[in-house]
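One structure is given below, encoded as structure tokens.
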Amino acid sequence: MGSTSLLIIIFLIFFGTVTLKSQQINSKGVSQCSCLQSTIKFDNSSIEKIVMHPEEILADPDAFWKSDSAYQLVTLWHQDVSFPIPMDKWKTWIQSYNTLSIEEREKNTQLIASRQMMQKKTEFNEKAIPYLCSFLPKDCPINTTIYFTTAIMASGFQMGNSIVIYGANSDKDNLIIHELFHQGFNNIKPSLKESGSKDSIINKIYNDLQNEGMATYVGYMALKDFPTYDPDPFKDDYGFFQDTTTFKRLHELLNETLKKVPSFITTESGQKEMQDTLWQVGSMDRAYYVIGCYMAQTIDKKLGRQTLIETISMGPQSFLQKYNSLVDEKLKIFDIYSQK
């Protein structure tokens, strides 16, 4: 055998071995990162029925609420936020579609937006899944269905293993990213302590701050590739986040509220008042979203992405205390845990 032939054989053996090892490493890497195997499905059957067949719904509204997958989740949302279902108002909304001709219904902007998003689902998944996984543990797949519907009070929400998006927001890809992160977050966060206990109440407060804050940060960082979000000026989280005056006001408001919590949770009436106040300050005034976003950004920039990710499984106390260890006194968030 000539020297040239021998070199070719050695090269082929070496190349084949390297290729095989590379394939094994890649295969192992993919299988270990189950997050990248996430499945995100879209379903607009609810909004299709409401807009195109309102007469069927009006014939038996109760049956629709019980059988429609999106509205089953809407019912749970109303229970979760203790917000009564405005049934009379809802029937008026459905009746407004019933007065339209088929041609007019086909031109409904919410329906069109949902149909357009249905057509983009493959493209969306290809971009969204790797991006979301960059903020989640590798063993945290997101397996969910996103339902598009209309005539509801919420702009969008995550419930169990599903997400519901209001029709006008069907094409708001940044809002969908926000809700999908909630899905992943809730899959891996530690179980809260026994409901009703002081520890449980405190954990719930800081869990909401971390959950909404991180979801807002994930959405904020995604603006380049997922630029469309809810333009509501009263919920302009990114605008509030970038505005120094608004940020300072919300930071002070949140801390003032948190300082009152220890005295609130001693009685049932106090707990109810505290829940109402935190709902107003954290959700309606957007303090959870804006201040939590800054906390997530600070941890990400100063300690790195992996540390930020680890706070999810470690729990809200870790998120709070890691942040507080990185900032000056004037930027710290009041720590109820340290008061116990």
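The values are calculated or read from the model by the stated rules, or taken from the named source; none is laboratory data. Bear in mind the structure is a predicted one, so any value in this text is a computation, not a measurement. Because the Cβ atoms are built from the backbone with ideal geometry, glycine has one as well, and the counts that use them run over all protein chains shown.
A few remarks follow.
- Subset of segment 224-252 that is out of contact with any Ser or Thr (no Cβ under 9 Å at 6 or more places or on another chain) and under 12 Å from ASN174 (Cβ atoms) - its residue that is surrounded by the most Cβ atoms within 10 Å (Cβ to Cβ): TYR229
- Given (1) modelled with pLDDT of 95 or more; (2) under 23 Å from the mean Cα position of the chain (by Cα); (3) not aromatic (Phe, Trp, Tyr), index of the condition GLN95 fails: (2)
- All told, TYR166 falls short of being surrounded by fewer than 24 Cβ atoms within 10 Å (Cβ to Cβ), closer than 26 Å to GLN119 by Cβ and at pLDDT below 90.
- Qualifying residue in segment 84-92 (condition: part of a helix (DSSP H, G or I), within 30 Å of THR122 (Cβ to Cβ) and either in contact (Cβ under 8 Å) with a residue 12 or more places away in the chain or in the same structural domain as SER155 (by TED's automatic domain parsing) (or both)): no
- Of the helices (runs of 4 or more DSSP H) entirely within segment 219-323, those holding at least 2 residues that are over 16 Å from the mean Cα position of the chain (by Cα) and over 23 Å from PHE181 (Cα atoms) occupy 244-264, 268-278.
- Residue-level check: of (1) modelled with pLDDT under 95; (2) in contact with a helix residue (DSSP H, G or I) (Cβ under 7 Å, 6 or more places away or on another chain); (3) aliphatic (A, V, I, L, M), MET153 misses just (2).
- Pairs are defined by a Cβ separation below 6 Å, a sequence spacing of at least 6 or placement on different chains, a first member in segment 160-182 that is free of Cβ contacts under 8 Å to residues at least 60 places away in the same chain, and a second member that is surrounded by 20 or more Cβ atoms within 10 Å (Cβ to Cβ) and among the polar types (S, T, N, Q); the pairs so defined are ASN161/THR144; ILE163/THR144; ALA168/GLN110; LEU175/ASN169; GLU179/GLN158; HIS182/GLN158.
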